[in-house]
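What follows is a set of notes on a single structure, which appears directly below.
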Amino acid sequence: MTRIIDLAGLVGAYATRLFAEEGHEVIRIEDAAGDTLRRLPPFLGEKQDLEHGAYHQFLNAGKKSLTLNLGSPAGQKIFLELLSQSDALVSGDSLPFEDSGLFAVNPKLVVTKIQEQEPELCAVARSGLMSLTGHPGQAPAILGGHVPSLAVGIYVAVAAAAALLTSTKTGKGSIATVSVREALESFVEQAMVEYSFSGKITERRGSKGAITAVSGALPCKNGHWVISQIHRPGRWTRFMDWVQDPELIADPSLAEEENQHKRRDFIMARLDKWAARFTKTELVEEAQRRHFPASPVSTPLDLIDDPQLIARGFLKEIDHPEFGRIKFPQGAIASFLGTQLTPAPRLGEHTTEILAQLGYSEADRQSLISAGAVQ
């Protein structure tokens with residue numbers, strides 16, 4: 001089992017969560033006041049404190065919490081002692097230590113630094129990603145739920161895992177650097193490739209697809225569903241056999257992909273009216289029966305009772321010390337490996353345990369508390 005030290009913000013917290021799902025020991029270091037992740041809304045149980053933040057409860061599940069004042073000499077000493085017994089550090093790109101000092105205590109240490117030059121909103125805008133999200137003719141929109149930051153967290157996890165693998169093979173430590181902005185720019189590659197090859201600028205389409213003409217989220221009787229009618233020979237005819245819209249059937253030229261793109265707004269408007277008669281379950285099940293890619297637009301309430309997520313172990317009932325018996329997202333990796341994630345730790349919950357592992361006695365701990373090095 002690998003020991004990972006987590007000294008990162010939102011982006012890195014998801015990366016280290018993935019390591020916790022794999023069963024590795026992840027120690028999150030915070031100061032006595034708690035970090036910003038604990039203060040990120042929304043809050044569960046209508047309690048706005050350091051233990052009830054939804055992001056904290058999800059991203060810090062399976063981790064240990066160590067409170068440490070890295071501004072104090074004693075706190076820095078403990079941190080370096082901990083690194084000497086660890087395999088990896090995930091952090092921002094500004095630490096109160098020189099890189100040489102980190103490798104002096106542990107030559108095999110893998111350090112993954114996250115470069116966040118600007119707030120999430122600004123990074124998404126500068127990356128070009130925001131230009132693609134939102135409705136045509138309106139201001140660009142940002143993806144909710146801090147999805148951009150969490151998506152970049154996957155890059156951080158891959159970088160850390162690759163560096164750990166290299167360290168295992170070479171016996172040497174290394175520094176991997178992940179730029180949030182550059183990672184976000186990679187999500188715009190499809191639009192850049194499209195322009196490079198065809199000169200076509202990808203524009204905002206709102207809930208409608210930008211690449212495939214007949215695609216997007218459509219309203220239906222109980223919400224929305226998504227359809228992607230990929231152009232292939234004969235597929236438009238089979239699609240019309242299902243939809244049975246007289247105005248679409250009356251124009252045989254719509255079987256051509258070029259004409260579908262030219263009249264896609266008209267086509268999608270007709271499909272909106274057709275789909276309004278059915279529920280999303282009826283539409284998706286019939287689409288799958290006819291071999292058309294489709295999906296319901298699930299709400300959080302849909303997901304918490306999703307039979308697929310429950311059957312695969314992604315959602316698992318746990319006895320939470322704060323919230324009682326709940327369904328909790330274990331995550332894809334944890335469900336595959338059978339890892340049992342512990343609930344997110346209380347602030348400093350494992351400080352005593354970790355200090356004891358480093359050789360500190362109870363008297364030492366009390367002295368460190370008095371000195372303001374730990375809580």
Checked the stretch 186-229 for anything in a loop (DSSP other than H, G, I, E, B), out of contact with any strand residue (DSSP E or B) (no Cβ under 8 Å at 6 or more places or on another chain) and either open to solvent by 60 Å² or more (accessible area, probe 1.4 Å) or without any contact (Cβ under 8 Å) to a residue 60 or more places away in the chain (or both); matches are Gly199, Lys200, Ile201, Glu203, Ile211, Ala213, Lys221, Asn222
Tell me, which residue of the stretch 137-176 that is polar (S, T, N, Q) and touching a helix residue (DSSP H, G or I) at 6+ places or on another chain (Cβ under 8 Å) is surrounded by the fewest Cβ atoms within 10 Å (Cβ to Cβ)? Ser174
Filter the stretch 167-181 for residues that are part of a helix (DSSP H, G or I) and touching a residue at least 24 places away in the same chain (Cβ under 8 Å); the one that is farthest from Gly209 (Cα to Cα) is Ser167
Spot the failing condition for Asp306; the list is (1) exposed (fewer than 13 other Cβ atoms within 10 Å of the Cβ); (2) acidic (Asp, Glu); (3) in contact with a Leu (Cβ under 8 Å, 6 or more places away or on another chain), and only one is missed. (1)
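To keep it simple, each residue is scored yes or no on (1) without any contact (Cβ under 8 Å) to a residue 40 or more places away in the chain; (2) closer than 23 Å to Leu102 by Cβ.
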position: Leu7; (1), (2): no, yes
position: Gly23; (1), (2): no, no
position: Ala54; (1), (2): yes, no
position: Leu68; (1), (2): no, yes
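Output the residues belonging to the stretch 266-290 that are within 15 Å of Val214 (Cα to Cα) and either without any contact (Cβ under 8 Å) to a residue 40 or more places away in the chain or outside any helix (DSSP H, G or I) (or both). Outline the logic, then answer.
Restricting attention to the stretch 266-290, the residues satisfying the condition of being within 15 Å of Val214 (Cα to Cα) are 266-275, 287.
Those that are within 15 Å of Val214 (Cα to Cα) and either without any contact (Cβ under 8 Å) to a residue 40 or more places away in the chain or outside any helix (DSSP H, G or I) (or both): Phe266, Ala269, Arg270, Lys273, Trp274.
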List pairs: first in the stretch 127-148 and in contact (Cβ under 8 Å) with a residue 12 or more places away in the chain and over 17 Å from Glu182 (Cβ atoms), second open to solvent by 50 Å² or more (accessible area, probe 1.4 Å) and polar (S, T, N, Q), Cβ under 6 Å, 6+ apart or cross-chain? Pro140/Ser131
Output for the stretch 88-111, where each listed residue is modelled with pLDDT of 95 or more and either within 19 Å of Gly153 (Cα to Cα) or surrounded by fewer than 16 Cβ atoms within 10 Å (Cβ to Cβ) (or both): Ala88, Leu89, Val90, Ser91, Ala104, Pro107, Val110, Val111
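The values are calculated or read from the model by the stated rules, or taken from the named source; none is laboratory data. Computed from a predicted model, the values in this text were never measured in an experiment. Here Cβ is always computed from backbone atoms with ideal geometry, including for glycine, and neighbour counts include all displayed protein chains. Note: areas computed on protein heavy atoms with side chains; ligands, DNA, RNA excluded. Shrake-Rupley method; radii C 1.70, N 1.55, O 1.52, S 1.80 Å.
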